[in-house]
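Read through the structure below, which is laid out as structure tokens, and then see the notes.
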Amino acid sequence: MKTLIITCLLFSLSLVQAQLKATVSLKYTDYIQYEKVGLRIKLENRSGQDFNLDSEPWINIFVERSGGSSLVPAFEIRTPAKTLGPNQSITFEANLNQVYDISQLGNYSVFLVGNPKEASAPIYSNRKRFSIHEPRIIKTARPVVEQGQPVIEYRLLEFSRFSKDYLYLQCYSIAKGYPLNTVGLGGFMRDFKPSLRVSKSGKAVEFHQQNQQFFVMSELNINGTLASFKHYVRANEAKNPQLYLDNKGLPFIANGRFYDPEAEAKKALILKKVSQRPPGF
């Protein structure tokens with residue numbers, strides 16, 4: 001009888017896995033403290049018929065620290081209410097920072113266990129591993145206040161991943177003792193020294209060289225949200241662009257020309273279509 005029960009249980013589990021497959025993935029395996037760790041969840045219908053996803057919480061995401069200790073989630077995960085047709089899939093993202101306290105340095109792993117209403121047994125995903133590292137602070141700046149002490153500090157951070165250097169702009173709450181937000185600015189070139197200023201409005205203004213062609217200016221609001229992210233190219237090939245504040249405390253880029261990648265791509269597409277027209281059109 002015991003063999004029969006185990007056999008039936010394994011058959012039921014394999015049937016559910018065949019009905020709905022869950023896969024989790026991460027963009028990186030290494031992150032800095034307080035960086036967004038976005039877990040991509042893919043659900044694939046393999047049942048051969050419609051599968052209804054319930055908007056009620058039915059997904060449990062388990063995060064474990066190295067050594068096997070599980071973290072307690074802060075709230076439940078909901079999926080979009082959707083009907084998946086045969087062989088259809090849906091992908092969505094969950095921010096692990098909003099669910100778990102993963103600010104401690106070390107190694108972690110994450111996997112998913114789901115109990116959808118239309119399935120007779122739980123579904124299990126693969127397991128992904130990641131690590132949390134401490135970044136290096138390369139610059140700091142604080143807004144000027146008329147009275148009292150500044151309540152926030154802007155921090156420019158760097159971290160190397162896969163032999164590539166990355167920049168982050170962080171809004172750190174001095175009063176609370178932890179960051180309000182950490183924004184990834186992408187890769188940067190070390191040959192050009194990044195700049196960090198604070199405008200008259202209290203925004204952080206950062207400027208760095210992204211690659212051989214492009215420079216980037218980013219602005220961060222005092223609540224930690226990203227205000228702008230703009231590309232620049234050299235106005236004069238003999239000089240690199242530089243970040244300055246004018247006499248009103250507003251940022252401007254000297255020796256630089258604003259560059260809109262999307263607008264330039266559309267312009268190039270239009271020119272390509274025009275060049276491909278037959279003569280006389």
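Bear in mind that the values in this text are calculations on the coordinates, not laboratory data. All figures in this text were calculated on a predicted structure; none of them were measured in a lab. Cβ atoms come from the backbone with ideal geometry, glycine included; neighbour counts cover every protein chain shown.
Below, the figures for the structure above:
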| read-out | value |
| --- | --- |
| Tensor-based shape of region 136-264 (alpha-carbon gyration tensor, a/c under 1.5 rounded, otherwise prolate or oblate) | oblate |
| Charge tally in the Cβ shell below 10 Å around ALA141, where Lys, Arg are +1 and Asp, Glu are -1, ALA141 excluded | +2 |
| Amide hydrogen neighbours beyond the local backbone of ASP54, cut-off 5 Å, H modeled | LYS117 |
| Point-to-point label distance, GLN98-ASP165, nm (Cα→Cβ direction, 7 Å offset) | 3.3 nm |
| LYS248/THR225 FRET efficiency (R0 25 Å; Cβ-Cβ; nearest 0.05) | 0.65 |
| Förster radius 22 Å - calculated FRET efficiency between LYS27 and ALA81, Cβ distance, rounded to 0.05 | 0.25 |
| Region 214-268: C-alpha gyration tensor shape, a/c 1.5 cut-off, then a/b vs b/c | oblate |
| Computed FRET value (nearest 0.05) for LYS266 with ARG190, which takes r as the C-beta separation and R₀ as 41 Å | 0.80 |
| Relative packing of peptides 81-88, 222-229 - highest average C-beta neighbours within 10 Å first | 222-229, 81-88 |
| Simple label model, 7 Å out from Cα along Cβ direction - SER70 to SER131, nm | 2.6 nm |
